[in-house]
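Working notes, beginning with the structure itself.
The values are calculated or read from the model by the stated rules, or taken from the named source; none is laboratory data. Note that the structure is predicted; figures quoted are calculated from it, not measured. Methodologically, a virtual Cβ is constructed for each residue, glycine included, from the backbone with ideal geometry; neighbour enumeration extends over all protein chains shown.
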Amino acid sequence: MESYLSIPHLLAVAGDEKIFGWVTPFVWYSAIKVLVAVGLMLTMVAYTVWVERRVSAFIQDRIGPNRVGIFGLLQPLADGVKSFLKEDFVPGHVRKVFFWIAPGIMLLPGLLSIAVIPFGSKLGEQDMVIANLNVGLLYTFGITSLSVYGIVLAGYASNSKYPFLGGIRASAQMISYEISMGLSVIPILLIVGDLNLGNIVAYQGGSLWGWFIFKAPLSFVIFAAAAFAETNRLPFDMPEAENELVAGYNVEYSSIKFALFFMGEYASMIAVSAMMATLFFGGWTLPFFGLDQPATTWLGGLLHIAIFLAKTCAWIFLMVWIRWMWPRFRFDQLMDLGWRRFIPLALANIVITAVVLWLKA
Amino acid sequence: MESLFFYLFAALAVVCGILMVANPFSRNPVTSAMFMVLTMISLAGVFVLLHAYFLAAVQILVYAGAVMVLFLFVIMLLNLKEEEKRKPGWVRMGFGLVSAGLFAALLLRSVAAARNAPLETAAATVDGGVKPLGLLLFTEYPLPFEIMSILLLVGMVGVVVLSKKELK
């Protein structure tokens, strides 16, 4: 035991040539995938905000931001510059350390959860997934469950009433809906028999009826509702609820810190849309023209990535659309829906799926 | 590379664990809870290095994600000012030291015992997958598994009874 902790051993480990032997092609390709995926994700975050503003304007019969660039396409850039240049005001009554780290914690889970999502089949020799984990689905749920810390800490750090109420609401809501979200995907795991997201996508190839939105519709409904609750989008945006809590957990934040909260919300929205496309809409597959087989050419690989992105974007658009069409639930209604409707329904769904699979076997 | 990551996660776990119980900068319970979250995440890292991917994911999902959020929730609703002022008394310190000492002895003993046993068997049974773990739980260890669930059920019933306003 001592030999492992002794200074000479530690130095030997650090000085070993093997320590730099890890820079293999695998590491290079992974690094490139991470860079591209995160870059794409952040770009999508910026443009989701723009889409949100344009779509909301269209729904409310306004025009929306259309001045910066063609169709206002440079608006995200202007927004970014603006939030950097605004005064970063820190109120005197806040708890400084938590106040500083909360926005960062808020942005992380959304970015981390794309690591296991297969966003394409193959490009050349490379699988288009950053980490092909066998427990992929559990990993995403684990990361999603961490996203509540950003909001709770922001509410606590702000040390005033509205943010605190927003934070408390957020933690109650997210814990509640995590349960129904987790239970809702168990039928899928029962059918596929695997937690690997790549295998779940492969299972859905073949025909349109193989998609889990048709095979497990109840799972889809519960998962979709829980996804809205987990990302704090209307009709479940309790932590913010502008007309009750002013703006909830982010009242005391300004400048780039506020922008980070905003980006965090949109990043988790994109992540959950990608999950939705992967779990229920066949991921990168399409049941036509043999597009459900892993690509052999570069063009096919790019096409698969485009299919996946299109499905994800469709979900993002739907989430934006719903936000501007639906009123907000009341908090007790939200809790009632989560605990007394969705959880029993999800449990029944599991039992029914298990019995059907048992009868088929 | 693996040993480097092991030292990283192990050191993080130990340092965050110490900061959780004895933070010289802050006696704020929320800070302690956040260090506990970091300890849990570092332990999940160690599990990954042991190829126990399922355990690692569940560690994050259950402990870091659910249990600690509840902890935080409760801590925030308690009156924090008193806890920050309270000085640890001698009785408290004594009990703490005795239990820590006993636990350390237990740990050292099991480490000493494990050094002689081959490690491969332990790693092979929980290797990553969910299937081997599920099979083990439902074939070899169903009784402990069920007893655990009954324990949780009893806890839940207890909470429901206690939280009722009027006890008849």
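Could you pull out the residue among A:Gly248, A:Gly193, A:Gly282, A:Gly290 that is on the phi > 0 side of the Ramachandran plot, small (Gly, Ala, Ser) and in contact with a Gly (Cβ under 6 Å, 6 or more places away or on another chain)? If you could, list the steps in order and put the result at the bottom.
Working: A:Gly193 fails: in contact with a Gly (Cβ under 6 Å, 6 or more places away or on another chain); A:Gly282 fails: in contact with a Gly (Cβ under 6 Å, 6 or more places away or on another chain); A:Gly290 fails: in contact with a Gly (Cβ under 6 Å, 6 or more places away or on another chain).
Answer to the selection: A:Gly248.
Every residue in the stretch B:1-20 that is facing another protein chain (nearest Cβ under 9 Å) and outside any loop (DSSP other than H, G, I, E, B), please.
Here is the first cut: in the stretch B:1-20, the ones facing another protein chain (nearest Cβ under 9 Å) are B:1, B:3-4, B:7.
Of everything in the stretch B:1-20, those that are facing another protein chain (nearest Cβ under 9 Å) and outside any loop (DSSP other than H, G, I, E, B) turn out to be B:Ser3, B:Leu4, B:Tyr7.
Consider A:Ile151 carefully, then state whether it is surrounded by 23 or more Cβ atoms within 10 Å (Cβ to Cβ), away from every other protein chain (no Cβ under 12 Å) and either under 30 Å from A:Val355 (Cβ atoms) or aliphatic (A, V, I, L, M) (or both). First the steps, then the outcome.
Working: surrounded by 23 or more Cβ atoms within 10 Å (Cβ to Cβ): yes; away from every other protein chain (no Cβ under 12 Å): no; either under 30 Å from A:Val355 (Cβ atoms) or aliphatic (A, V, I, L, M) (or both): yes.
Criteria not met by A:Ile151.
Test A:Trp321 against the stated conditions and say whether it is exposed (fewer than 12 other Cβ atoms within 10 Å of the Cβ) and farther than 30 Å from A:Gly290 by Cβ. Let's see the steps before the verdict.
Numbers: exposed (fewer than 12 other Cβ atoms within 10 Å of the Cβ): no; farther than 30 Å from A:Gly290 by Cβ: yes.
No; evaluated as a whole, the condition is false for this residue.
So, in the stretch A:47-79, exactly how many residues are part of a helix (DSSP H, G or I) and of a type outside the set (Ser, Thr, Tyr)?
Filtering the stretch A:47-79 down to residues part of a helix (DSSP H, G or I) leaves A:47-59, A:70-72, A:75-79.
Next, from what is left, pick out any that are of a type outside the set (Ser, Thr, Tyr): A:49-55, A:57-59, A:70-72, A:75-79.
Residues in the stretch A:47-79 being part of a helix (DSSP H, G or I) and of a type outside the set (Ser, Thr, Tyr): 18 in total.
Got a number for residues in the stretch B:21-58 being in a helix (DSSP H, G or I), facing another protein chain (nearest Cβ under 9 Å), hydroxyl-bearing (Ser, Thr, Tyr) and surrounded by fewer than 21 Cβ atoms within 10 Å (Cβ to Cβ)?
Pass one, the stretch B:21-58, residues in a helix (DSSP H, G or I): B:21, B:29-49, B:53-58.
From what's left, facing another protein chain (nearest Cβ under 9 Å): B:30-31, B:34, B:37, B:41, B:44, B:53-54, B:56-58.
The next check asks that each one be hydroxyl-bearing (Ser, Thr, Tyr); those that pass are B:31, B:53.
The next check asks that each one be surrounded by fewer than 21 Cβ atoms within 10 Å (Cβ to Cβ); those that pass are B:31.
Residues that pass the stated criteria total 1.
For the stretch A:164-210, enumerate the residues that are among the hydroxyl-bearing types (Ser, Thr, Tyr), touching a residue at least 40 places away in the same chain (Cβ under 8 Å) and buried (at least 17 other Cβ atoms within 10 Å of the Cβ).
Kept after step one, since they are among the hydroxyl-bearing types (Ser, Thr, Tyr), are these residues of the stretch A:164-210: A:171, A:176-177, A:180, A:184, A:203, A:207.
Restricting the remaining residues to those that are touching a residue at least 40 places away in the same chain (Cβ under 8 Å) gives A:176-177, A:180, A:184, A:207.
Answer for the stretch A:164-210, where residues must be among the hydroxyl-bearing types (Ser, Thr, Tyr), touching a residue at least 40 places away in the same chain (Cβ under 8 Å) and buried (at least 17 other Cβ atoms within 10 Å of the Cβ): A:Ser176, A:Tyr177, A:Ser180, A:Ser184.
Which condition does B:Val74 not pass, out of (1) surrounded by 10 or more Cβ atoms within 10 Å (Cβ to Cβ); (2) under 30 Å from A:Gly150 (Cβ atoms); (3) modelled with pLDDT under 70, if it passes all the others?
That leaves (3) as the condition not met.
Residue under question is B:Leu43, and the condition is that it be at pLDDT 85 or above and of a type outside the set (Val, Ile, Thr); does it hold? Working first, answer last.
On the way: at pLDDT 85 or above: yes; of a type outside the set (Val, Ile, Thr): yes.
So B:Leu43 fits the description; yes.
For residues that are aliphatic (A, V, I, L, M), crowded, with 18+ Cβ neighbours inside 10 Å and assigned to a helix (DSSP H, G or I), tally how many sit in the stretch A:211-240.
Summing the residues that are aliphatic (A, V, I, L, M), crowded, with 18+ Cβ neighbours inside 10 Å and assigned to a helix (DSSP H, G or I) in the stretch A:211-240 gives 7.
Evaluate the following for A:Ser145: is it of a type outside the set (A, V, I, L, M, F, W, C), within 9 Å of another protein chain (Cβ to nearest Cβ) and touching a residue at least 12 places away in the same chain (Cβ under 8 Å)?
yes
Within the stretch A:267-311, how many residues turn out to be within 15 Å of A:Gly120 (Cβ to Cβ) and either free of Cβ contacts under 8 Å to residues at least 60 places away in the same chain or touching a His at 6+ places or on another chain (Cβ under 6 Å) (or both)?
Restricting attention to the stretch A:267-311, the residues satisfying the condition of being within 15 Å of A:Gly120 (Cβ to Cβ) are A:274, A:277-278, A:281-286, A:291-311.
Now restrict to residues that are either free of Cβ contacts under 8 Å to residues at least 60 places away in the same chain or touching a His at 6+ places or on another chain (Cβ under 6 Å) (or both): A:277, A:284, A:286, A:291, A:295, A:297, A:299, A:303, A:306-307, A:310-311.
Number satisfying all stated conditions: 12.
Suppose the filter is surrounded by fewer than 16 Cβ atoms within 10 Å (Cβ to Cβ) and among the aliphatic types (A, V, I, L, M); does A:Ile105 pass it?
No.
Results for (1) within 14 Å of chain B (Cβ to nearest Cβ); (2) closer than 26 Å to A:Ser121 by Cα; (3) more than 20 Å from the chain's Cα centre (by Cα), shown as yes or no for each residue.
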position	(1), (2), (3)
A:Ser180	yes, no, no
A:Ile186	yes, yes, no
A:Gly198	no, yes, no
A:Gly206	no, yes, yes
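Suppose the filter is within 13 Å of another protein chain (Cβ to nearest Cβ) and at pLDDT 85 or above; does A:Gly193 pass it? Break it down into steps so the answer makes sense when it comes.
On the way: within 13 Å of another protein chain (Cβ to nearest Cβ): yes; at pLDDT 85 or above: no.
So A:Gly193 does not fit the description; no.
Considering the stretch A:108-126 alone, what residues qualify as being touching a residue at least 60 places away in the same chain (Cβ under 8 Å) and surrounded by fewer than 13 Cβ atoms within 10 Å (Cβ to Cβ)?
A:Gly124 - this is the single residue of the stretch A:108-126 that is touching a residue at least 60 places away in the same chain (Cβ under 8 Å) and surrounded by fewer than 13 Cβ atoms within 10 Å (Cβ to Cβ).
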